[in-house]
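A quick write-up on the structure given underneath.
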Amino acid sequence: MSGRVCASILYRASNYTLALSPTASSQSALFAAVSSPHRRPTQHRQFSTFGCSRSDQWCFSGDELGSGSQQGGRNLSTRQDLDFQLNRVQIDSILRTNEQCVSVPEFDGRGLSAVRKFESNQLAANTPNEDRRSVATCLQTKGMLFGVFDGHGGWACAQAVSERLLYYVAVAMMPQQTLEELERCMEHSRPVPPILQWYQHHGDFSSRESASLYIDHLRVFWQELLASEDHGEGMSPPDALDFAFKRLDTDISLEAQVPLSSDLMKSTAIQVAFAGCTACVAHVDTEGIYVANAGDCRAVLGVQEEDGSWSALPLSWDHNSQNEAELERLRAQHPPSERDTVVTDDRLLGVLMPLRAFGDVRFKWGRELQQSVLAGLDSGVDLDALNLYQYTPPNYLTPPYLDVAPELTYHKLRPQDRFLILGSDGLWDELGSEEAVRLVGEHLSGIHLQAPVSPSERQLKLGQMHELLLKRRARATPALDRNAATHLIRHALGTGDYGELCQERLASMLALPEDLARMYRDDITVTVVYLNSDLAKPHHS
């Protein structure tokens, strides 16, 4: 394409869509202008320097990015800058920075664990990363909780949900007697029995300024459970997951509307409510796996068949415009006159990609409430600095258009169930569920099964047979990473046309400057949970 970029482009910043008409002298100004909402389009994008190309092209090449602009201390003015290639050591360092691997004791003093270990990793495209992850063992009830959270419109909502949601789930599952002990400790200022054992990476962030608010509202939550006559032995895992999602979202909404003790706390509450995040949380115990999903993160079970091959069993479904059942659910909540406007251009009201999410009060509150809350902020507060904009989606007639009610699934563990993959949609934009399971399965077993050459394949011409052999050879390439989550991220970004790892492609994707990276890929978060399948009993029909 000639010229600097397109005369006008429609930039799909992950979950938000913005129409942009670049007029500034520098392309860097264009990219900086869209830095708040988040992600690039979901198709694979070919960078002009990739040695192993994929099919579709973005609308500019490396030498069309303007002249003389400075970003992050690097000059982006020449093609040579964008041809910068990382070596293997640099690639490995970037990919492994946020790795986490934790072995779980088979017996923790309360019972057997269904989880042997878990491996997790994150790779940011946004600055800062808008994804979050959480893992914790329930100390007052059974099971472990795993969560992946994909933020949009900033990181604030994903941060708050990642810190709070697992507590809400755990408290909802506690029996009344345990809740009463928590309340007595709070009343008499005694140490409260621990609710969760967290497994945090040293790079994980905690919002300390809001910790007291979060504790106060968690306490209100368990006080209301105590006041309920039918709480008794606590909620079942699916009921607890469902209730916790909805209750936390309600608290996020209320916290943005009420007076708080400090301006900083108030600003944070506003940011959390007006940003948004999707969430996929799994509760794993010796009986099975419950998954609660709201949005487009995904949970996939890796199953090893009798012949040693691997298959993927979905435990969640993406809540976006590609999900026909989700579209019908959403349309049924609004008048027939809005049937064609509730979702347009594959987005909620033409703006938001996921159709369920925490926060995002711009799609939940009435216009008057939104205006009142923003007008009530201190006059010195910079709305732009908080990623807040005086903007109402088009055709905003009968709110709410968005909710966080999770879709719940259950799977009873079987001996052939080997691992669970939880990933933000940045992973699934690049890899299909079957491919992800195959990669982890072969990484786990070290065995790369190849299907026999079929009769039709024996009739291939020489060039076609060569291509088939390249694909088969790519599958047998030894793994470069001990951590399966890193293995998935490496393949998601560095796979060439024949399924081989392409060093040039991977290096180019990781060398992208901060203000360009999100136009080619999204933040990626992956957690792989290895199951103790020996505990599962064979099913007999």
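The values are calculated or read from the model by the stated rules, or taken from the named source; none is laboratory data. Computed from a prediction, not measured in an experiment: that's the story for all the values here. Please note: Cβ atoms are built from the backbone with ideal geometry, for glycine as well, and neighbour counts cover all protein chains shown. Keep in mind that these areas ignore ligands, DNA and RNA; they rest on the heavy atoms of the full protein, side chains included. Shrake-Rupley method; radii C 1.70, N 1.55, O 1.52, S 1.80 Å.
A few comments on the model shown:
- Condition met for residue 179 (open to solvent by less than 30 Å² (accessible area, probe 1.4 Å), farther than 30 Å from residue 370 by Cβ and either in contact with a His (Cβ under 8 Å, 6 or more places away or on another chain) or outside any helix (DSSP H, G or I) (or both)): yes
- Scanning the range 112-127 for residues that are open to solvent by 20 Å² or more (accessible area, probe 1.4 Å) and part of a loop (DSSP other than H, G, I, E, B), we see that the one that is nearest to residue 487 (Cα to Cα) is 124.
- All of 161, 220 fail the test of being farther than 29 Å from residue 106 by Cβ, β-branched (Val, Ile, Thr) and in contact with a strand residue (DSSP E or B) (Cβ under 6 Å, 6 or more places away or on another chain), apart from 161.
- The listed residue being open to solvent by less than 20 Å² (accessible area, probe 1.4 Å), at pLDDT below 95 and of a type in the set (Val, Ile, Thr), out of 342, 381, 373, 361: 373
- Residue match in the range 450-462 (condition: acidic (Asp, Glu) and modelled with pLDDT of 65 or more): no
- Figure legend. Inter-residue proximity from the range 336-349: first residues within 21 Å of residue 364 (Cβ to Cβ), second residues small (Gly, Ala, Ser), beta-carbon distance below 6 Å, spacing 6+ or different chains. Indicated pairs: 343/321; 344/350; 346/321.
- Looking only at the range 128-144, and only at residues there that are more than 22 Å from residue 490 (Cβ to Cβ) and either touching a helix residue (DSSP H, G or I) at 6+ places or on another chain (Cβ under 6 Å) or free of Cβ contacts under 8 Å to residues at least 12 places away in the same chain (or both), the one that is surrounded by the most Cβ atoms within 10 Å (Cβ to Cβ): 134
- Taken as a whole, the condition of being crowded, with 19+ Cβ neighbours inside 10 Å, in contact with a Pro (Cβ under 9 Å, 6 or more places away or on another chain) and of a type outside the set (Lys, Arg) does not apply to residue 274.
- Pairs linking a residue in the range 90-106 that is free of Cβ contacts under 8 Å to residues at least 60 places away in the same chain to a residue that is crowded, with 16+ Cβ neighbours inside 10 Å and outside any strand (DSSP E or B), with Cβ atoms under 6 Å and 6 or more positions apart or on different chains, are 104/113.
- Meets criteria (aliphatic (A, V, I, L, M), in a helix (DSSP H, G or I), within 24 Å of the chain's Cα centre (by Cα) and surrounded by 17 or more Cβ atoms within 10 Å (Cβ to Cβ)) for residue 240: yes
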